[in-house]
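The block underneath contains the structure these notes are about, expressed in structure tokens.
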Amino acid sequence: MERPSIRSYSLRGNRMTRAQSLAINAHWDQYAIALAQPLNLNQNFPDKQKVILEIGSGMGEATAQIAQATPDTGYVAVEMHEPGLAALLMLIVEKELTNVKFIREDAIYLLSHFIADSSLDGIHLLFPDPWPKNRQHKRRIVQSEFVQMVCEKLKPGAFIHIATDWQPYADWIKVRFDANSSFTGGITPRPDWRVLSKFEGQGLRKGHQVTDFRYVKL
Ligand SMILES: C[S@@+](CC[C@H](N)C(=O)[O-])C[C@H]1O[C@@H](n2cnc3c(N)ncnc32)[C@H](O)[C@@H]1O
């Protein structure tokens, strides 16, 4: 299967702390979802009405807090950075969360080859890497093709929520989603459920303004 030609994540170190390695050895298989075709994430949480795919969960602090606050919803985090997933795994175990699982994969590859069409209840894309330089723009995860793929994977009436603290990326996101006639929505007030993550805190300290988007598939 073809891998994406563009990497929207940066290759950071994969060094683990001892606690992270122990958590991986003890619990990884319990919470990691194995890839299968087609993958319907709702089957991983038969007792939940809705399952949200979180793209790029980072160190998992926001994921764990959101999941803890909304136990009736299942969350699947997809992230490439293994120490980040190990940190999320530790939070899952510490908080005894039963509504979070994860997939270590490139979200673009996951969506394009595994996730069943019209199967997702929602997507969270919180603080995607902004790739600020002109020559890096092609690495932004939000591209017209990504918007179309998201459209194909969401159920009718399902949503994608995006937050960014990089104004030029906010403008870029708006142009691409507004151009796809299968979506309605746009800029939305910050929702109560969106807790402050490390990345957002860093942005706010630099004086960045945060923009939230909610687009619903028609
Ligand atoms: C700026 S961080 C934000 C993390 C987190 N959402 C937060 O708000 O703290 C972006 C994350 O997205 C991940 N990421 C970027 N592109 C990805 C992709 N194609 N598939 C999976 N993860 C990706 C990166 O590894 C990184 O951890």
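A full extension of the chain between Leu22 and Ala34 corresponds to an added length of 2.3 nm, given 0.36 nm per residue minus the alpha carbon distance. Dividing the radius of gyration of the alpha carbons in the stretch 18-217 by their Kirkwood radius gives 0.94 for Rg/Rh. Of Asp47, Asp106, Asp129, which has the largest mean-square fluctuation in a 10 Å C-alpha GNM of the chain? Evaluated over the chain, the most mobile residue of the options is Asp47. Put in line by how crowded their Cβ is, counting other Cβ atoms within 10 Å and starting with the fewest, Met90, Met1 read Met1, Met90.
With the helix formula -39500 (n - 2.57) applied to DSSP H stretches of n ≥ 4, the chain reaches a computed 222 nm mean residue ellipticity of -10000 deg cm²/dmol. Annotation: amide H-H contacts under 5 Å for Ala158 (H modelled 1.01 Å from N, sequence separation of 5 or more, or interchain): Lys217.
Among Val76, Val93, Val147, determine the one that fluctuates most according to a GNM of the chain built with springs between C-alpha atoms less than 10 Å apart. Checking each option, the largest mean-square fluctuation is seen for Val93. Put in order of Cβ neighbour count within 10 Å, fewest first, the listed residues Ile103, Ile6, Ile24 become Ile6, Ile24, Ile103. Descending by average beta-carbon neighbour count within 10 Å, the peptides 64-73, 14-23 line up as 64-73, 14-23, the highest first. Taking the alpha-carbon distance from Lys174 and a cut-off under 18 Å, which lysines remain once sequence neighbours fewer than 8 residues away in the same chain are dropped? Candidates past the 8-residue exclusion: Lys138, Lys217.
Pairs exceeding a 22 Å alpha-carbon distance, out of Lys95/Lys198; Lys50/Lys155; Lys48/Lys153; Lys95/Lys153; Lys50/Lys153; Lys50/Lys101: Lys95/Lys153. Within the chain, the longest run free of exposed loop sites, counting GluC sites (Glu not before Pro) that sit outside DSSP helix and strand states (H, G, I, E, B) and have at most 14 other Cβ atoms within 10 Å, spans 97-218.
Just so you know, all these numbers are worked out from the coordinates, no wet-lab data involved. All values derive from a computational prediction rather than experimental measurement. Cβ: placed from backbone, ideal geometry, glycine included. Neighbour counts: every protein chain shown.
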